[in-house]
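The values are calculated or read from the model by the stated rules, or taken from the named source; none is laboratory data. What you see is a predicted model, and the numbers here were worked out from it, not measured in a lab. Virtual Cβ from ideal backbone geometry, glycine too; neighbours counted across all protein chains shown.
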Amino acid sequence: MPFSDFAGNPETIHRLREMLARKRFPHAVILSGAHGSGKYTLALMLARAMNCLEQPSTDGGFPDFCGRCSNCIRIAQSEDLDARFAEAVEARENLRDTDKKETRLFVQTHPDVLIIPPDPPQMMIKVDQVRHVIETIYYRPAEARERVYIFTSSAFMKEAANSLLKVLEEPPEFATIFLLTENAGELLPTIRSRSMTFNLGALAVTEIESRLAQLRPQWNARQRALVARLSEGAIGRALSFDIESYVAARNHALILLKSALGGNEGGHTELFKVTESYRSGAEGREKIGNLLRTLYALLEDLMFLQSGAGQLVRNTDILGELKKMSEAADFAWLQRAADGLGEVERGLRRNLLRSLSLDAFATALERVS
Ligand SMILES: [Zn+2]
């Protein structure tokens, strides 16, 4: 998977490759961007370009990577971060209790490329993880040209951040540190000033749609249009989008909104059947989280229609249905519905029974409409 496969942000990619070509790549790079914008994918691509044994060049002489040599292959084995992370967590769980406490979490599929994820259960980067980086970073790479360290989160414990700072003050010639973050402001200003920051911006809907046409041919055009609009410019979110559970949550959301607007053929029986299916426990919490997000998204789409900004609607595949609902609702009703959702969320935090607060939400909107 060479650089041409990276979605979007061509200027940023060009600048990074230019620095590689001139052998002026910074020792510390902050890659900043939304969840799913490709920070980790890009860091692993750069790690391969630094260490590819075939050292191909493309696009008029810029460094690329072959994807076939032993360095490329082993680095690519870290691509599925969720799976590697789960394996590392499980391996630690299987240790004896005394060892468990002292074992910090890493993902490593190449001897010179170390990935440092936030350590559970706190999901923070801990000082012992940074200590391990310090212990290894001053040794010359064994099989690569450049040692690469990738911190996948900027949630550092205080002591960990201070230790990292010491490395950044005196980095060895042959090492590069990547810091991935959704918000560079979370990093210490002293860390930021010793690093070079690159932002990965949101992609246009059309760009995501055309990438999906290549990479998700099993989705039809309507589905691709929907996912492209719901992924907020982040290609990773688009590619991992679970259409089935989204549509399931949206069907429930539509029943709730329609019965409040008086346009639901199934009446109250159907409404209660839906709300009853939301139970307590972790699974129920996730299910209702999806439902609430979908309800907000639908209300927003209805507001776009009300205010004559139909081009902003994201649920384009049910546009006809939304238009009908938008005619039945008015702006004040939509406002009350959004307030009502806020009420449901607060109720859930106080552990009110899920199904009851959903019923209350739907019936309250009915009374005032
Ligand atoms: Zn290679």
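If I ask for residues that are in contact with a Gly (Cβ under 7 Å, 6 or more places away or on another chain) and either among the aliphatic types (A, V, I, L, M) or modelled with pLDDT of 95 or more (or both), which ones from region 326-357 would you list?
Listed by number, the list holds a single entry, ALA328.
What's the number of the only condition in (1) aliphatic (A, V, I, L, M); (2) within 28 Å of LEU212 (Cβ to Cβ); (3) away from the ligand (no atom under 14 Å from the Cβ) that ALA47 fails to meet?
(3)
How many residues, within region 58-79, are surrounded by fewer than 14 Cβ atoms within 10 Å (Cβ to Cβ), within 12 Å of the ligand (Cβ to nearest atom) and either on the phi > 0 side of the Ramachandran plot or not in a loop (DSSP other than H, G, I, E, B) (or both)?
Final tally of qualifying residues: 1.
Taking ALA228 and the conditions (1) within 18 Å of the chain's Cα centre (by Cα); (2) in contact (Cβ under 8 Å) with a residue 24 or more places away in the chain, which numbered condition does it fall short on, given that it satisfies the others?
(2)
Only one of (1) in a helix (DSSP H, G or I); (2) out of contact with any Ser or Thr (no Cβ under 7 Å at 6 or more places or on another chain); (3) more than 23 Å from LEU20 (Cα to Cα) fails for VAL167. Which number is that?
For VAL167, the failing item is (3).
How about region 171-284: which helices (runs of 4 or more DSSP H) wholly inside it have at least 1 residues that are within 30 Å of GLU146 (Cα to Cα) and of a type in the set (Val, Ile, Thr)?
Ranges flagged: 189-193, 235-239.
Applying the selection to region 151-193, what residues are closer than 23 Å to LEU42 by Cα, in contact with a helix residue (DSSP H, G or I) (Cβ under 9 Å, 6 or more places away or on another chain) and among the charged types (D, E, K, R)?
Those that are closer than 23 Å to LEU42 by Cα, in contact with a helix residue (DSSP H, G or I) (Cβ under 9 Å, 6 or more places away or on another chain) and among the charged types (D, E, K, R): GLU182, ARG192.
Since LEU20 meets every condition but one in (1) over 19 Å from the mean Cα position of the chain (by Cα); (2) free of Cβ contacts under 8 Å to residues at least 40 places away in the same chain; (3) within 16 Å of the ligand (Cβ to nearest atom), which condition does it not meet?
(2)
Out of all the residues in region 286-308, is one or more under 24 Å from ILE208 (Cβ atoms), of a type in the set (Phe, Trp, Tyr) and either in contact (Cβ under 8 Å) with a residue 12 or more places away in the chain or not in a helix (DSSP H, G or I) (or both)?
Within region 286-308, one or more residues are under 24 Å from ILE208 (Cβ atoms), of a type in the set (Phe, Trp, Tyr) and either in contact (Cβ under 8 Å) with a residue 12 or more places away in the chain or not in a helix (DSSP H, G or I) (or both).
Is there any pair linking a residue in region 61-84 that is polar (S, T, N, Q) to one that is within 15 Å of the ligand (Cβ to nearest atom) and part of a helix (DSSP H, G or I), with Cβ under 8 Å and at least six apart or on different chains, and which?
If the second residue must be within 15 Å of the ligand (Cβ to nearest atom) and part of a helix (DSSP H, G or I), the pairs left are ASN71/ARG48; ASN71/ASN51; SER78/LEU44.
Within region 24-43, can one find any residue that is within 16 Å of the ligand (Cβ to nearest atom), under 22 Å from VAL133 (Cβ atoms) and either free of Cβ contacts under 8 Å to residues at least 60 places away in the same chain or part of a loop (DSSP other than H, G, I, E, B) (or both)?
For region 24-43, residues within 16 Å of the ligand (Cβ to nearest atom), under 22 Å from VAL133 (Cβ atoms) and either free of Cβ contacts under 8 Å to residues at least 60 places away in the same chain or part of a loop (DSSP other than H, G, I, E, B) (or both): absent.
When residues of region 133-156 are filtered for being under 13 Å from PRO117 (Cα atoms) and not in a helix (DSSP H, G or I), how many remain?
Total satisfying the criteria: 8.
In region 89-103, what count of residues is obtained for those that are of a type in the set (Lys, Arg) and at pLDDT 90 or above?
1
I'm told GLY342 meets every condition in (1) free of Cβ contacts under 8 Å to residues at least 24 places away in the same chain; (2) under 28 Å from ARG224 (Cβ atoms); (3) assigned to a helix (DSSP H, G or I) except one. Can you identify the failing condition by its number?
(2)
Among the residues in region 110-127, are any in a helix (DSSP H, G or I) and more than 13 Å from the ligand (Cβ to nearest atom)?
Yes, some residue in region 110-127 is in a helix (DSSP H, G or I) and more than 13 Å from the ligand (Cβ to nearest atom).
For region 231-259, how many residues meet the condition of being surrounded by fewer than 20 Cβ atoms within 10 Å (Cβ to Cβ) and not aromatic (Phe, Trp, Tyr)?
Adding up the residues that qualify gives 13.
Looking only at region 164-204, which residues are buried (at least 17 other Cβ atoms within 10 Å of the Cβ) and under 19 Å from the mean Cα position of the chain (by Cα)?
Result: PHE178, LEU179, LEU180, THR181, ALA184, LEU187, PHE198, LEU200, ALA202, LEU203.
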